[in-house]
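A short worksheet on the structure shown next.
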There are 2 protein chains.
Amino acid sequence: MSEQAEADSAVVTAAILVIGDEILSGRTKDKNIGYIAEYMTNIGIDLREVRIVPDVTEEIVAAVNALRARYTYVFTTGGIGPTHDDITADAIAAAFGVGIDHDPRAIAMLAERFPPDQLNEARLRMARIPAGAELIANSVSKAPGFILGNVHVMAGVPSIMQAMLDVVAPTLRTGVRMLSETVRAGLREGDIGTELARVQQAHPEVAIGSYPFFSDTGPDTNVVVRSRDPERLAAAVADVEAMLAAIRAS
Amino acid sequence: MSEQAEADSAVVTAAILVIGDEILSGRTKDKNIGYIAEYMTNIGIDLREVRIVPDVTEEIVAAVNALRARYTYVFTTGGIGPTHDDITADAIAAAFGVGIDHDPRAIAMLAERFPPDQLNEARLRMARIPAGAELIANSVSKAPGFILGNVHVMAGVPSIMQAMLDVVAPTLRTGVRMLSETVRAGLREGDIGTELARVQQAHPEVAIGSYPFFSDTGPDTNVVVRSRDPERLAAAVADVEAMLAAIRAS
């Protein structure tokens, strides 16, 4: 848990660790980070960091240990399939310094889908679970994820990851949800930046972000105001809107 | 530079650092990681790690210093706009322990787009460049990125980032390109995993990855074989194809 999280029990934090050479080579475009990020925001957990590492045991171990020491929860995606390049479960066991073996509960889950003659060496690899882990049910293809300490190990295939996240979410401690309001400026970012900084200074406990985009009518800006406190949020939004109206009228 | 890169000058490595609360909140879905990843593969640079951090100076500094010590190149995206939450340039200066100020070359670039009365405090913020940095021209909206040491600081807006990457790419040292061939198995991953591991063992200097997907006809698998050596690649692909043919015939 981060220092801030310890200081404020309303804040629950998380990190994502994406495991996979195919993401780093660009061959596969990740679809899980954005999904989990939005999901966490919606349930009141602050995603604080994401890392993507290759299918290399030492890299996975180092990242897992750095992230699990620092955040309330860690979510990993990828590397729990039936082939030789699926090394996540072994790496997590190494990170925690625990053993790993075929887990009878996981074998039973696989047996719901695969008849005995199809439960070959490769598929049984998906039943290798670190000692002491709880399983995460997989309603799509049966092979489970698992939870060890604060680390939640999920599949990389988006549909399976999403099903696992739905299983995991009700078990998570959640904080006070971060509220967010977006104000479209109708102005270029550089036209509002100086005044926006003053609004931010006047509302130090609210986070104000500014995001330029190109619309049909040219460059525009979304101002995003975030706070856990609805009254503080509303006060800052009102000041942002008044500031924008003044600039547009000038 | 990583140990492996030092041992083998044919290998050039890189990391991406995405900077931005909006990515971690899920409000904005990152489009730069996949683009840069594919770009690097195509020009012969191995992307080894990605991190996403919030708009917090200490987090940016820590990530930049960890990554620049370890990889040939670091590419950052985000946080170089005109508003108070754009803190990347200051954080990079802090990471390198150098000063930062308005740079006359950057002001001249901004002046190509903005008349003097529009070069306000906010826009001039985009001309704050760490001491000793080279600028990266921005053909889309003029505000430059910059290069300090091995760190390349680029915009977060995808169209601008892409234009900057095109400027930067010809200046990069590149290695021998990683070649890749994809073989569609027509089989489920668990049906080929055991034999695929044996092919991998027989070709230890080639990287074989296995990626399941759902096609119209049901679960299928792409086997991706990667090597810098075309002959080794061809030999491993031939063995993968023979192995798959034997399983399909069985």
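The values are calculated or read from the model by the stated rules, or taken from the named source; none is laboratory data. These numbers were taken from a predicted model, which means no experiment stands behind them. In this analysis, Cβ positions are derived from the backbone assuming ideal geometry, glycine residues included, and neighbour counts consider all displayed protein chains.
Consider segment B:212-225 and keep the residues that are out of contact with any Gly (no Cβ under 7 Å at 6 or more places or on another chain) and surrounded by fewer than 21 Cβ atoms within 10 Å (Cβ to Cβ). The one that is modelled with the highest pLDDT is B:222. Of all residues in segment B:110-162, those that are of a type in the set (A, V, I, L, M, F, W, C) and either in contact with an Asp or Glu (Cβ under 9 Å, 6 or more places away or on another chain) or not assigned by TED's automatic domain parsing to the domain that holds residue B:87 (or both) total 10. Mind checking whether some residue in segment A:113-129 is surrounded by fewer than 23 Cβ atoms within 10 Å (Cβ to Cβ) and more than 14 Å from chain B (Cβ to nearest Cβ)? No; the residues of segment A:113-129 include none that is surrounded by fewer than 23 Cβ atoms within 10 Å (Cβ to Cβ) and more than 14 Å from chain B (Cβ to nearest Cβ). Consider residue A:143 carefully, then state whether it is more than 15 Å from residue A:224 (Cβ to Cβ) and assigned to a helix (DSSP H, G or I). Taking the combined requirement at face value, the residue does not satisfy it. Of all residues in segment A:17-45, those satisfying the criterion of being within 28 Å of residue A:84 (Cα to Cα), among the charged types (D, E, K, R) and surrounded by fewer than 20 Cβ atoms within 10 Å (Cβ to Cβ) are A:29, A:31. Out of all the residues in segment A:196-234, which are in contact (Cβ under 8 Å) with a residue 40 or more places away in the chain, facing another protein chain (nearest Cβ under 8 Å) and over 23 Å from residue A:10 (Cα atoms)? Scanning segment A:196-234 gives a single hit, A:196. The condition of being within 12 Å of the chain's Cα centre (by Cα) and modelled with pLDDT of 95 or more holds for only one of A:60, A:36, A:87, that being A:36.
I'd like the residue in segment B:77-89 that is within 21 Å of residue B:50 (Cα to Cα) and not hydrophobic (A, V, I, L, M, F, W, C) and, out of all such residues, is nearest to the other protein chains (Cβ to nearest Cβ). The residue in question is B:86.
Here residue B:48 meets the list (1) within 30 Å of residue A:182 (Cβ to Cβ); (2) buried (at least 24 other Cβ atoms within 10 Å of the Cβ); (3) under 17 Å from the mean Cα position of the chain (by Cα); (4) at the interface with another protein chain (Cβ under 7 Å from one of its Cβ atoms) almost entirely, failing just condition (1).
From the list B:68, B:105, the one residue that fits, being more than 12 Å from the chain's Cα centre (by Cα), basic (Lys, Arg) and surrounded by fewer than 18 Cβ atoms within 10 Å (Cβ to Cβ), is B:105.
Here is a yes/no grid of residues against (1) over 21 Å from residue A:194 (Cα atoms); (2) out of contact with any His (no Cβ under 7 Å at 6 or more places or on another chain); (3) in contact (Cβ under 8 Å) with a residue 24 or more places away in the chain; (4) acidic (Asp, Glu):
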| position | (1), (2), (3), (4) |
| --- | --- |
| B:134 | yes, yes, no, yes |
| B:143 | no, yes, yes, no |
| B:162 | yes, yes, yes, no |
| B:172 | yes, yes, yes, no |
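The helices (runs of 4 or more DSSP H) located wholly in segment A:152-250 that include 1 or more residues which are within 21 Å of residue A:34 (Cβ to Cβ) occupy A:158-168. In segment B:133-149, the condition of being among the aliphatic types (A, V, I, L, M), touching a Leu at 6+ places or on another chain (Cβ under 7 Å) and more than 13 Å from chain A (Cβ to nearest Cβ) is met by at least one residue.
Scanning segment B:54-71 for residues being facing chain A (nearest Cβ under 9 Å) and closer than 14 Å to residue B:151 by Cβ gives a total of 1. Of the strands (runs of 3 or more DSSP E) lying entirely inside segment B:1-108, those carrying at least 3 residues that are without any contact (Cβ under 8 Å) to a residue 40 or more places away in the chain and farther than 21 Å from residue B:171 by Cα are B:46-53, B:100-102.
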